[in-house]
Amino acid sequence: MMEEGPVLIMSFTAHQVKCIRDASGAIVEGGENHVEQSLYVFAMRRQPHIWDPLLAWQVLEVAEQQQMEVW
């Protein structure tokens, strides 16, 4: 809870391919088959002065908490 009201904290995991390439297209980190699992955390709050429910949400924080190789 903040002074402005409640804060929603959501966490989820995602499997994602980590393949970083340079300007010439060569892989510099990870690979096309390098799958990692990441834990993300979002903190959001509703802006009380905005009445449109689709526009009223403000992201306060986005963080990647953990990352580990899966395959």
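The values are calculated or read from the model by the stated rules, or taken from the named source; none is laboratory data. Predicted model only: the values in this text are computed from it and were never measured. Here Cβ is always computed from backbone atoms with ideal geometry, including for glycine, and neighbour counts include all displayed protein chains.
Restricting the first member to segment 9-34 and to residues that are under 30 Å from ARG45 (Cβ atoms), and the second to residues that are of a type outside the set (A, V, I, L, M, F, W, C) and surrounded by fewer than 11 Cβ atoms within 10 Å (Cβ to Cβ), the beta-carbon pairs closer than 8 Å and six or more apart or on different chains are SER11/GLN65.
Taking the condition surrounded by 10 or more Cβ atoms within 10 Å (Cβ to Cβ) and either modelled with pLDDT under 90 or at positive phi (or both), does GLN16 pass? Considered against the rule, which asks whether it is surrounded by 10 or more Cβ atoms within 10 Å (Cβ to Cβ) and either modelled with pLDDT under 90 or at positive phi (or both), GLN16 comes out as no.
Of the residues LEU60, LEU8, LEU54, LEU39, the single one that is among the aliphatic types (A, V, I, L, M) and not in a strand (DSSP E or B) is LEU54.
Being out of contact with any His (no Cβ under 7 Å at 6 or more places or on another chain), surrounded by fewer than 13 Cβ atoms within 10 Å (Cβ to Cβ) and β-branched (Val, Ile, Thr), is that true of even one residue in segment 51-66? Looking for residues that are out of contact with any His (no Cβ under 7 Å at 6 or more places or on another chain), surrounded by fewer than 13 Cβ atoms within 10 Å (Cβ to Cβ) and β-branched (Val, Ile, Thr), one finds at least one in segment 51-66, hence yes.
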